[in-house]
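Input: a single structure, listed below in structure tokens.
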Amino acid sequence: MSMRIDSHQHFWRYSEAEYPWIRKGTPLERDWLPRDLEAIASSVGVNGAIAVQARQSVEETRWLLQLAAESPFIKGVVGWVDLQSDQVEQQLAEFSTNKKFVGVRHVVQDEPDSQFMLKPEFLRGIGKLKQFELAYDFLLYPKQLPAAIQVAAKFPEQRFVLDHVAKPLIRAGMLKPWRDDLKELARNPNVFCKISGLVAEARHDAWSKDDFRPYLDIVIQHFGEERVMFGSDWPVCLLAASYAQVHQLVADYFSQFSQETQLKFFGQTAASFYLLPD
């Protein structure tokens with residue numbers, strides 16, 4: 001059976017203090033754990049997932065790796081380390097002893113400075129990832145794409161992946177300047193793109209498939225069929241759609257492509273990008 005991987009989802013034990021970004025009264029305001037995901041993902045044929053950090057703490061990275069040790073369904077963990085710290089190399093060395101530690105992410109979208117990633121300390125941290133064979137996930141808003149373009153060009157040997165297509169303004173139907181910056185970022189062959197998180201950027205209670213087509217067309221035009229991967233952004237997606245709806249949305253779009261392209265999009269590309277064991 002081919003590996004069908006969800007390249008982007010989250011787990012948490014909910015607490016208001018630890019997750020201040022979770023709005024009260026939403027479906028996110030509870031614990032979401034591997035057993036919750038496995039049942040719904042396997043119902044649409046997904047048989048593995050990459051768990052991505054949702055808090056900026058090394059404790060969470062340890063916790064996600066512990067979940068991964070207990071759940072064969074979790075194929076890899078994209079954790080957090082303090083990339084700006086003098087201790088970053090020690091943190092990376094500690095986590096890299098675990099084969100399921102596959103990448104690092106920083107919540108750059110919450111940094112007020114749109115040039116945050118160009119700080120020398122941050123760039124120094126990014127420069128440490130390759131020796132540990134780790135990927136880096138860009139979590140950005142469109143205004144931070146120009147900085148990402150520079151970072152990707154500075155480290156041509158580093159594997160990068162863009163989360164959530166950089167959160168374009170789907171609700172407003174805006175394509176510019178996101179489209180031009182995305183095109184520029186995609187010129188770097190070391191950058192891949194997760195088709196994830198789109199429903200969260202649309203009108204939660206009134207989206208239609210047609211809302212996403214212009215954005216998906218642009219992503220495929222620039223990243224091609226080889227550098228894109230499926231991500232559900234579960235459970236955050238539940239604000240706007242069920243897991244099955246998110247999966248169906250992209251399955252319908254990718255039905256225009258060959259079976260080979262669909263297999264790559266729904267698992268093979270994520271497996272090779274994150275260097276998952278066969």
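The values are calculated or read from the model by the stated rules, or taken from the named source; none is laboratory data. Keep in mind that this is a model prediction, so the values were computed, not measured. All Cβ positions, glycine included, derive from the backbone under ideal geometry; neighbour counts span all protein chains shown. When the accessible area is computed, the model is the full protein with side chains, heavy atoms only, and any ligands, DNA or RNA have been set aside. Shrake-Rupley method; radii C 1.70, N 1.55, O 1.52, S 1.80 Å.
One chain, two ends: Ala17 and Glu157. Fully extended at 0.36 nm per residue, the span grows by 46.6 nm beyond their Cα-Cα distance. The largest accessible area among Ser2, Ser255 belongs to the first residue in Ser255, Ser2, and the rest follow in falling order (1.4 Å probe, all chains).
Given a 1.4 Å probe and the protein chains as shown, Glu29 ends up with an accessible area of around 60 Å².
Put a dot 7 Å past the Cα of Ala206, heading toward its Cβ, do the same for Glu184, and the two dots end up 3.4 nm apart. Per atom type, segment 119-223 shows carbon and sulfur on 50% of its accessible surface, probed at 1.4 Å. Charged side chains reduced to their Cβ positions (Lys and Arg at +1, Asp and Glu at -1) give the chain a dipole of some 340 debye around its Cα centre.
Comparing Cα centroids, segment 51-116 and segment 186-209 end up 22 angstrom apart. Compute the FRET efficiency between Gln221 and Asp278 as 1/(1 + (r/R0)^6), taking r as their Cβ-Cβ distance and R0 = 22 Å, and round to the nearest 0.05. With R0 = 22 Å, the Cβ-Cβ based efficiency is 0.10. Loop-resident GluC sites (Glu not before Pro) (DSSP state other than H, G, I, E or B) in segment 104-196 with no more than 13 further Cβ atoms inside 10 Å of their Cβ: Glu133, Glu157. The label-point distance for Lys119 and Gln245, in a model that sets each label 7 Å from Cα toward Cβ, rounds to 3.8 nm. Shown here for segment 1-87: trypsin sites (Lys or Arg not before Pro) in loop regions (DSSP other than H, G, I, E, B) with at most 14 other Cβ atoms within 10 Å, namely Arg13, Arg23, Lys24, Arg30. Calculated accessible area for segment 193-278 comes out at 39 Å² per residue, all protein chains present (probe 1.4 Å; ligands, DNA, RNA ignored). In segment 1-100, a dipole from Cβ-located charges (positive for Lys and Arg, negative for Asp and Glu) runs towards its positive end, and of Pro27, Phe95, Gly79 it is Pro27 whose Cα lies farthest in that direction.
For the chain, the gyration tensor built on C-alpha atoms gives a rounded shape. Its axis ratio a/c (a ≥ b ≥ c) stays under 1.5. Determine which lysines satisfy two conditions relative to Lys183: a Cα distance under 26 Å, and not lying fewer than 8 residues away in the same chain. List returned: Lys119, Lys130, Lys143, Lys154, Lys167, Lys194, Lys209, Lys264. Average accessible surface for segment 1-87: 45 Å² per residue, computed with a 1.4 Å probe over protein heavy atoms with every protein chain in place. The H on the amide N of Trp234, modeled in the peptide plane, is under 5 Å from the matching H of His10, each at least 5 residues off or on a different chain.
The string of couplings for segment 221-228 from the Karplus curve (6.51, -1.76, 1.60, θ = phi - 60°) is 4, 9, 8, x, 7, 8, 10, 10 Hz, one whole number per residue in order, with x for Gly and Pro.
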